[in-house]
Amino acid sequence: MTKKMISESKVARWIALALISLTMFFAYFFVDVVAPLQIMMEKAPYFWSPEVFGMLGGSEFFLNVFAFFLILSGIILDKMGIRFTMITAGLTMVGGAALKYYALTEGFAATGLFTWLNSFIPGVPASAKLAFVGFAIFGIGVEMAGITVSKTIVKWFRGKEMALAMGLEMAVARLGVFAVFRLTPIFAENGGPSNSVFWGMAFLCIGFITFFIYTFMDRALDKELNADGTPTSEDEFRISDIGKIFSNPGFLAIAGLCVLFYSAIFPFQKFATDMLASKLDLPVKEAAAYFSYFPIGAMIMTPFIGYFLDVKGYGASMMLYGAILLTISHLIFALVPAESFNIPMAIFTIVILGTAFSLVPASMWPSIPKIVEDRYLGSAYGAIFWIQNIGLLAVPILIGWSLTASNPGVSEQIAAGVEGAKYDYTVPELIFAGFGVLAMVLAVVLKVVDRKKGYGLDIPNKKK
């Protein structure tokens with residue numbers, strides 16, 4: 001009688017999913033740990049302008065883009081395997097987070113390094129420069145973790161509840177974003193921004209432990225795969241496969257849609273609290289509380305959409321619908337005048353954006369295994385994350401610049417503590433809406449490519 005593999009056990013594979021999802025919960029918490037604190041960072045002792053705040057958001061992706069660490073991460077994943085890559089990612093996240101925390105402490109401000117960093121590029125404070133380095137190192141780890149988690153889910157759930165599993169993992173990660181907008185202002189009230197970053201770093205240490213526990217399950221599954229005579233995909237990768245990834249029209253269409261969609265979501269999250277506070281004339285803490293419902297909506301809807309994709313399909317169509325909703329939400333934020341923009345409208349628009357945030361990722365990530373071979377699946381995820389990171393690096397800087405350029409003198413007023421000084425976010429929101437329009441175009445292109453190549457993106461994931 002053939003022995004059932006551990007991945008055939010529903011209990012085992014859902015426990016594996018829970019462990020890796022917890023790590024991503026804590027990772028996403030740290031990604032946006034200072035997002036609700038933009039105005040606080042513009043004041044003493046930090047004096048970070050909107051451009052500097054935008055640079056912080058972009059710095060997370062700097063090394064991944066310019067040093068090609070994400071491409072390298074994908075290759076490492078395919079050559080060295082899930083366990084090695086997972087532990088490396090966890091240690092890198094914690095190390096980068098520790099450096100970012102140190103940059104915001106009073107202890108750093110008393111060092112010679114602080115004085116030296118302040119001696120050049122005076123428009124960027126020393127605390128920001130060191131925080132950029134720490135966040136860039138963290139960025140290597142978190143993106144490496146992201147591609148590893150994606151391949152891990154395919155390993156355990158292919159032919160089963162793959163889209164549902166990816167949806168649930170994303171839902172738990174979105175819960176980390178909800179926690180940021182609820183908890184970070186509270187932590188900052190009791191110790192400033194550095195206290196918020198400290199707690200984010202502490203949570204990452206817990207996430208590293210859950211990653212480490214999962215590696216024992218991965219080892220057990222690999223032993224069974226080898227005993228069954230089934231080769232592991234890690235053994236089969238060839239460097240020449242990189243060329244196959246970038247010559248695949250389906251991959252290129254999804255990668256373009258990915259960078260446009262996420263460029264209108266993640267950079268927006270970093271400015272959303274102040275945008276709502278300015279437009280609704282609310283305290284930052286209250287505005288952060290309202291925006292926290294954005295990831296909650298995505299968290300609730302994403303698993304249901306994943307289940308629908310598993311049993312019914314329509315993945316390519318879902319990406320198009322998500323791009324349309326993304327565009328509509330940003331146009332509402334941009335074009336509805338402040339005097340007509342009230343709390344119910346804000347919540348309604350956040351719900352639309354949350355729906356878009358559910359539709360596109362839930363259908364996008366399970367589509368990658370349909371268009372590339374298993375032996376270079378990790379590299380394909382690494383490549384698409386790299387392309388995504390180009391946008392996530394550039395767009396926060398672009399938004400910070402556009403915010404200052406379209407609001408002359410406001411940054412100086414806020415830094416000086418002028419009461420009632422606030423930004424108008426019309427121009428940044430129009431930029432985000434423009435990304436949505438381009439994403440709609442690429443979603444249509446993807447449907448055409450899918451029809452010609454027969455990838456089956458609209459076909460259910462679950463085998464009968």
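Let me confirm something: among ILE153, ILE209, ILE137, which residue is closer than 25 Å to PHE69 by Cα and touching a Gly at 6+ places or on another chain (Cβ under 6 Å)?
The conditions single out ILE137.
Would you say PHE348 is at pLDDT 90 or above and over 19 Å from PHE261 (Cβ atoms)?
Against the criterion (at pLDDT 90 or above and over 19 Å from PHE261 (Cβ atoms)), PHE348 qualifies.
Confirm whether PHE30 is touching a residue at least 60 places away in the same chain (Cβ under 8 Å), open to solvent by 10 Å² or more (accessible area, probe 1.4 Å), closer than 30 Å to SER278 by Cα and of a type in the set (A, V, I, L, M, F, W, C).
No: the conditions fail for PHE30.
Looking only at the range 292-327, filter to residues that are over 30 Å from LYS462 (Cα atoms) and touching a Gly at 6+ places or on another chain (Cβ under 8 Å); which one of those is least open to solvent (accessible area, probe 1.4 Å)?
THR327
If I filter the range 240-262 down to residues being without any contact (Cβ under 8 Å) to a residue 12 or more places away in the chain and in a helix (DSSP H, G or I), which single residue comes out as surrounded by the most Cβ atoms within 10 Å (Cβ to Cβ)?
For the range 240-262, the residue satisfying everything is LEU252.
Between a first residue in the range 64-86 that is over 21 Å from THR23 (Cα atoms) and a second residue that is assigned to a helix (DSSP H, G or I) and β-branched (Val, Ile, Thr), which pairs have beta carbons less than 9 Å apart while being 6 or more apart in sequence or on different chains?
VAL65/ILE390; ALA67/ILE140; ILE71/ILE242; ILE75/ILE242
Out of curiosity, is ILE6 touching a residue at least 24 places away in the same chain (Cβ under 8 Å), open to solvent by less than 30 Å² (accessible area, probe 1.4 Å) and under 24 Å from PHE208 (Cβ atoms)?
no
What number goes with the only condition from (1) modelled with pLDDT under 90; (2) farther than 22 Å from GLY250 by Cβ that GLU373 does not pass?
(2)
Restricting to the range 263-275, what's the tally of residues that are part of a helix (DSSP H, G or I), open to solvent by less than 10 Å² (accessible area, probe 1.4 Å) and more than 20 Å from SER49 (Cβ to Cβ)?
Within the range 263-275, residues that are part of a helix (DSSP H, G or I), open to solvent by less than 10 Å² (accessible area, probe 1.4 Å) and more than 20 Å from SER49 (Cβ to Cβ) number 1.
Select from the range 262-308 the residues that are more than 19 Å from ILE343 (Cβ to Cβ) and among the basic types (Lys, Arg) and list them in ascending order.
Within the range 262-308, LYS270 is the sole residue that qualifies.
Name the single residue, out of those in the range 330-355 being open to solvent by less than 20 Å² (accessible area, probe 1.4 Å) and in contact (Cβ under 8 Å) with a residue 40 or more places away in the chain, that is farthest from SER406 (Cα to Cα).
Among residues in the range 330-355 that are open to solvent by less than 20 Å² (accessible area, probe 1.4 Å) and in contact (Cβ under 8 Å) with a residue 40 or more places away in the chain, the one farthest from SER406 (Cα to Cα) is GLY354.
Out of everything in the range 115-134 that is over 30 Å from the mean Cα position of the chain (by Cα) and not small (Gly, Ala, Ser), what residue ends up being modelled with the lowest pLDDT?
Filtering first and then ranking leaves PRO122.
The values are calculated or read from the model by the stated rules, or taken from the named source; none is laboratory data. Since the model is a prediction, treat every value here as computed from it, not as a measurement. Positions of Cβ are generated from backbone atoms using ideal geometry, with glycine treated the same way; all protein chains shown enter the neighbour counts. Note: accessible area is taken over every heavy atom of the protein model, side chains too, but ligands, DNA and RNA are not part of it. Shrake-Rupley method; radii C 1.70, N 1.55, O 1.52, S 1.80 Å.
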